[in-house]
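The values are calculated or read from the model by the stated rules, or taken from the named source; none is laboratory data. Everything quoted here is computed from the prediction, not taken from an experiment. In this analysis, Cβ positions are derived from the backbone assuming ideal geometry, glycine residues included, and neighbour counts consider all displayed protein chains. Note: accessible area is taken over every heavy atom of the protein model, side chains too, but ligands, DNA and RNA are not part of it. Shrake-Rupley method; radii C 1.70, N 1.55, O 1.52, S 1.80 Å.
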Amino acid sequence: MVKIEFAPINIPLNRRLQTAAVLQWIFSFLFLAQCCMGVYVLAVLSGYWHFAALYGLWLYLDWDTPQTGGRRCAWVRKWTIWRHFRDYFPIHLIKTSDLDPKNHYLFGFHPHGVLVAGAFGNFCTEYTGFQELFPGLTPYLHVLPFWFRFPFFREYAMSAGLVSCSKESVSHVLSQGAGVASVIVIGGAEESLEARPGSLTLQTLHRKGFIKLALKHGAHLVPVFSFGENEIFNQLENPEGSVIRNIQNKLRKIMGFALPLFHARGVFQYSFGVMPFRKPIYTIVGKPIVVEQNVSPTNEEVDKLHQRYLDELNGLFEEHKAQYGIPEQGHLVFK
């Protein structure tokens with residue numbers, strides 16, 4: 001029988017606010033899009049069909065916005081709830097080098113983790129100091145186009161600075177020139193199936209599309225490693241070849257996103273639930289790799305830059321791993 005460890009009754013208010021902030025984030029990630037779709041369908045079927053029709057027209061006219069830079073809202077990014085979200089883990093953003101705002105950049109974020117909490121906290125809110133650390137840069141976090149197909153939810157997602165991860169979207173951001181930073185979670189949905197405490201496996205060896213885009217736009221590459229990203233959730237065992245992994249892979253190919261079977265703690269107890277553990281996340285932004293523009297790179301040029309990127313990423317990890325609790329024998333595994 002599982003023993004349940006309940007949370008104390010006398011918890012400081014700030015910790016309760018932190019829990020509430022993360023709970024709404026989990027709800028938004030797992031259920032808000034479906035709820036928004038349900039609201040729209042109900043509006044169509046009820047006496048509010050006029051409103052639904054107007055929004056449908058807006059959706060038609062605005063359909064490409066997630067691929068053309070989105071529509072961020074500084075007010076949403078500065079909501080106090082995101083400060084509590086940051087403090088729950090807490091999330092830290094650490095720079096290792098200045099980034100000249102006269103250039104444009106492509107950040108490769110690793111690892112994906114289950115819900116990319118570090119990427120969201122650092123690049124979609126204003127509470128980890130991105131603007132102070134990198135003045136003059138505007139970050140754009142690229143996510144699956146799937147999320148922008150839901151009415152109402154798409155507006156909320158874009159307001160935080162989320163944009164599509166399609167090639168067209170990344171190209172549009174980078175084509176704006178100086179002062180922008182496209183942030184791409186390189187491992188994608190496939191890597192989320194590897195996310196569990198202690199995992200150092202990255203899906204990178206066959207991911208070269210971001211390298212081609214960096215070359216075509218002359219965007220400097222910046223490796224980013226988020227220590228602790230894999231520590232905030234457990235995941236049901238799903239080794240390669242298992243029934244669970246095979247089903248997850250098939251669903252990923254059909255739907256375009258993965259379904260990691262994750263678990264951690266609850267709101268009022270620490271034994272089970274979908275709330276993440278309170279484990280610190282340290283997102284280290286590496287030194288930029290200078291990239292000369294090449295609109296028609298050869299496969300050899302792409303491979304050479306890709307290998308250099310992996311070497312820089314591995315070096316960033318090795319340099320900082322001891323400081324953030326990784327044992328000496330722990331090394332990145334590129335797949």
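At q = 0.23 Å⁻¹, what log₁₀ I(q)/I(0) does a Debye calculation on the Cα points of segment 215-269 give, no solvent, two decimals?
Scattering profile of segment 215-269, log10 relative to I(0): -0.95.
Which value, in Å², gives the accessible area per residue of the chain when a 1.4 Å probe is used on the protein heavy atoms?
48
Among ASN122, ILE11, PRO239, which residue has its Cα furthest toward the positive end of the charge dipole of the chain, with +1 on Lys/Arg Cβ and -1 on Asp/Glu Cβ?
ILE11
About the Cα centre of segment 219-334, what is the dipole size in debye to 20, counting +1 per Lys and Arg Cβ and -1 per Asp and Glu Cβ, all else neutral?
On the way: 11 positive and 13 negative charges, 138 e Å.
Computed about the Cα centre, the dipole is about 660 debye.
Apply the Karplus curve 6.51 cos²θ - 1.76 cosθ + 1.60, θ = phi - 60°, to the phi angles in segment 287-295 and return the couplings in whole Hz, x for Gly and Pro.
Coupling constants for segment 287-295: 7, x, 9, 5, 10, 7, 4, 8, 6 Hz.
Please work out the Cα convex hull volume for the chain and give it in Å³ per residue. Working shown, then result.
Details: hull volume 57.4 nm³, N = 335.
So the per-residue hull volume is 171 Å³.
Can you give the Rg and Dmax of segment 31-81 based on its C-alpha atoms, in angstrom?
Spelled out, the Cα radius of gyration and Dmax of segment 31-81 are 13.9, 36 Å.
Could you list, in their original order, any pairs among LYS78/LYS212; LYS253/LYS321; LYS95/LYS216; LYS212/LYS321; LYS95/LYS253 whose Cα atoms are separated by more than 31 Å? All intermediate terms of the calculation are to be shown ahead of the outcome.
Values: LYS78/LYS212 34 Å; LYS253/LYS321 33 Å; LYS95/LYS216 26 Å; LYS212/LYS321 29 Å; LYS95/LYS253 36 Å.
Among LYS78/LYS212; LYS253/LYS321; LYS95/LYS216; LYS212/LYS321; LYS95/LYS253, the Cα-Cα distance tops 31 Å for LYS78/LYS212; LYS253/LYS321; LYS95/LYS253.
As an exercise, take the mean of 1/r over every pair of distinct alpha carbons in segment 28-147, invert it, and state the Kirkwood radius in angstroms. Please list the in-between numbers first.
Values: mean 1/r = 0.0584 Å⁻¹.
About 17.1 Å for segment 28-147.
Rounded to two decimals, what is the ratio between the C-alpha radius of gyration of segment 99-208 and 2.2 N^0.38 Å? Working shown, then result.
Details: Rg = 14.2 Å, N = 110, 2.2 N^0.38 = 13.1 Å.
That works out to 1.08 for segment 99-208.
Skipping prolines and chain starts, which residues have an amide H placed within reach, meaning under 5 Å, of the one on THR96, given they are 5 or more residues away or on another chain?
Residues meeting the amide H criterion: VAL285.
I need the GluC sites (Glu not before Pro) found in segment 146-193, filtered to DSSP loop residues with at most 15 other beta carbons within 10 Å of theirs. Before the final figure, lay out each step's value.
On the way: sites: GLU155, GLU168, GLU190, GLU191; in loops: none.
Sites meeting the loop and neighbour criteria: none at all.
Rounded to the nearest 20 Debye, what is the dipole magnitude of segment 101-181 about its Cα centre when Lys and Arg each give +1 and Asp and Glu each give -1 at the C-beta? Mind dumping the intermediate values first?
Values: 4 positive and 4 negative charges, 42 e Å.
In total the dipole reaches around 200 debye.
Report the Cα centroid-to-centroid distance between segment 103-142 and segment 1-64 in angstrom, as an integer.
23
What is the chain's relative contact order, in percent, from Cα pairs under 8 angstrom and six or more apart in sequence? It would help to have the intermediate numbers written out before the result.
Details: 610 pairs, mean separation 75.7, N = 335.
Here the relative contact order equals 23 percent.
Restricting attention to segment 283-325, which GluC sites (Glu not before Pro) occupy a DSSP loop and are surrounded by at most 11 other Cβ atoms within 10 Å? Before the final figure, lay out the partial values.
Details: sites: GLU292, GLU300, GLU301, GLU312, GLU318, GLU319; in loops: GLU292.
Answer by residue number: GLU292.
Answer with one residue from ILE326, VAL291, GLY256: the one whose Cα lies farthest towards the positive end of the charge dipole of segment 224-335, charges on Cβ with Lys, Arg +1 and Asp, Glu -1.
Result: GLY256, furthest along the dipole toward the positive end.
Give me the orientation-averaged projected area of the Cα convex hull of segment 182-335, in nm², one decimal.
Mean projected area of the Cα convex hull: 10.8 nm².
With a bin width of 10 angstrom, please list the P(r) values of segment 72-133 as percents of all Cα-Cα pairs, from the 0 bin to the one holding the largest distance.
Reading upward from the zero bin: 20, 49, 29, 2.
For segment 212-335, give the percent of accessible area contributed by carbon and sulfur heavy atoms, probe 1.4 Å, rounded to a whole number. Before the final figure, lay out the partial values.
Working: 3640 of 6400 Å².
Heavy-atom surface of segment 212-335 belonging to carbon and sulfur, 1.4 Å probe: 57 percent.
How long are the semi-axes of the equivalent ellipsoid of segment 1-55, defined as square roots of 5 times the Cα gyration tensor eigenvalues? Whole Å, largest first.
38, 15, 9
Taking θ = phi - 60°, what integer Hz values does the Karplus form 6.51 cos²θ - 1.76 cosθ + 1.60 yield along segment 124-129, in sequence order, with x for Gly and Pro?
Once rounded to whole Hz, the list reads 10, 9, 10, 10, 10, x.
Treating only the Cβ of Lys, Arg, Asp and Glu as charged (+1, +1, -1, -1), what charge dipole size does the chain show about its Cα centre? Round to the nearest 20 debye.
On the way: 31 positive and 26 negative charges, 152 e Å.
With only Lys, Arg, Asp and Glu charged at Cβ, the dipole is about 740 debye.
Just flag the trypsin sites (Lys or Arg not before Pro) in segment 34-142 sitting in loop per DSSP whose Cβ has no more than 10 other Cβ atoms within 10 Å. Don't skip to the answer; put the middle values down first.
Values: sites: ARG71, ARG72, ARG77, LYS78, ARG83, ARG86, LYS95, LYS102; in loops: ARG71, ARG72, LYS78, LYS102.
Qualifying residues, ordered by number: LYS102.
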